1. With the cut-off at 19 Å, tell me which of the pairs Lys6/Lys139; Lys19/Lys120; Lys62/Lys108; Lys27/Lys108; Lys6/Lys27; Lys19/Lys139 have Cα atoms farther apart than that.
2. So what J values fall out for region 50-66 if you push phi through Karplus, 6.51 cos²θ - 1.76 cosθ + 1.60 with θ = phi - 60°, rounded to Hz, Gly and Pro as x?
3. Putting +1 on Lys and Arg Cβ atoms and -1 on Asp and Glu Cβ atoms, find which of Phe207, Val218, Leu194 reaches farthest to the positive end of the dipole of region 189-228.
4. Which whole-Hz ³J(HN,Hα) couplings does region 14-22 yield from phi under the Karplus relation 6.51 cos²θ - 1.76 cosθ + 1.60, θ = phi - 60°, glycine and proline marked x?
5. Around Met71, what is the net charge, scoring Lys/Arg as +1 and Asp/Glu as -1 over all other residues with Cβ under 12 Å from its Cβ?
6. How large is the dipole of region 1-148 about the Cα centre if only Lys and Arg carry +1 and Asp and Glu carry -1, each at its Cβ, rounded to the nearest 20 debye?
7. Carbon and sulfur atoms: what percent of the 1.4 Å accessible area of region 95-172 do they account for?
8. Given R₀ = 30 Å, what would the calculated FRET efficiency be for Thr24 paired with Lys182, taking r from the Cβ atoms and rounding to 0.05?
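The values are calculated or read from the model by the stated rules, or taken from the named source; none is laboratory data. Remember, it's a predicted structure, so these values are computed and weren't measured experimentally. FYI the Cβ positions are ideal-geometry reconstructions off the backbone, even for glycines, and counts take in every protein chain you see. Ligands, DNA and RNA are stripped out before the accessible areas are found, and what is left, the full protein with its side chains, is counted by its heavy atoms. Shrake-Rupley method; radii C 1.70, N 1.55, O 1.52, S 1.80 Å.
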Amino acid sequence: MRAIWKGAVSFGLVSIGVKVYSATEEKDIRFHQVHREDGGRIRYKRTCSVCGEEVTYDDIAKGYDIGGGEMVILTDSDFADLPLSTSHAIDVLEFVPAEQVDPILYNKAYFLEPEGTATKPYVLLRDALTDSERVAIVKVALRQREQLATLRVREGVLLLNTMLWPDEIRQPDFGFLDEDLKVRPPELAMASSLIDSMAGEFEPDAFTDDYRAALQEVIDAKVEGREVVQPEEEEAAPAAAVDLMAALKASVERARAARGEAPSGGGAEPTPISSARSAKKTAAKKTEPAKKTAAKKTPAAKKAAPAKKTAAKKAAGKAEPAKKTTAKKTTPRKKSA
């Protein structure tokens, strides 16, 4: 690594000489603009919009547009008079708990290496920061700009994190923030269940830039003159959920299946998770109770049939004695000899 800045960390009366190195690097694959026909590089000339002449770097200055077509021109001598351009100090302002620094403020990261005889005070500050579980809030001038930053410890090295100024953070202004939207408790419980089923420990090395790898494969294939093997098509993103609960349940089951866990059963859990995969299946399940109710009513109808038969038998039983009596009365008696 090559040091991009040299200076000193100062807190109280202690001064620690350090070298500053970029802690991160971009891995993007860069391209040049070329002529499609012959591959020639496309060059851009720096020309003046007023006189049309080509301008060298020595004749270029910085201009601040104040509106109305007027421009204030600043030269290198104007910047040289600013105290920040020659300041090489990292001034510690205070020590604060790390959780009080909103991550949105972080900008770029730099490693600090002790220079010369500054190793002992460097290690002292490093160990003191570790024991206190705090970070140092500092001010530093990098690239002719004063920046707010933090000093913290990472893998035994002091890490300088430059930060954005508070007025550089935009405020979200979205319509839905003014709407009175309420989430039902079952939906919240199911969403929490989904989070639990996808919980894990963050391991940065487990994630890769698939696009960059695929692009590199295309470039390598071009260089070697071979055919590019098309990667397998990824599963299409699901459409917008019609039934939020059904989508949550299906997501939970999918996450558990990915972990090799058995599908959850109903009954004991406060929020049973079924195998619902879509709103259509959920609607179909809702019709089942109606069918069962109709089926339950059928035995009642069967019970009514024996009742009718019993009534008919009783009626028939009562009618028979009456017929016999009539028959006895109408039978003629035989005369005695």
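1. Violating the 19 Å limit, Cα to Cα: Lys62/Lys108; Lys6/Lys27.
2. My calculation for region 50-66 gives 8, 9, x, 7, 6, 10, 7, 4, 5, 9, 9, 10, 9, x, 10, 7, 9 Hz in order.
3. Final value for the positive-end residue is Val218.
4. So the J values, rounded to whole Hz, are 8, 10, 10, x, 9, 10, 10, 10, 5.
5. -1
6. The calculation lands at about 480 debye.
7. Ligands and nucleic acids excluded, carbon and sulfur reach 50 percent.
8. The pair Thr24/Lys182 has a calculated efficiency of 0.10.
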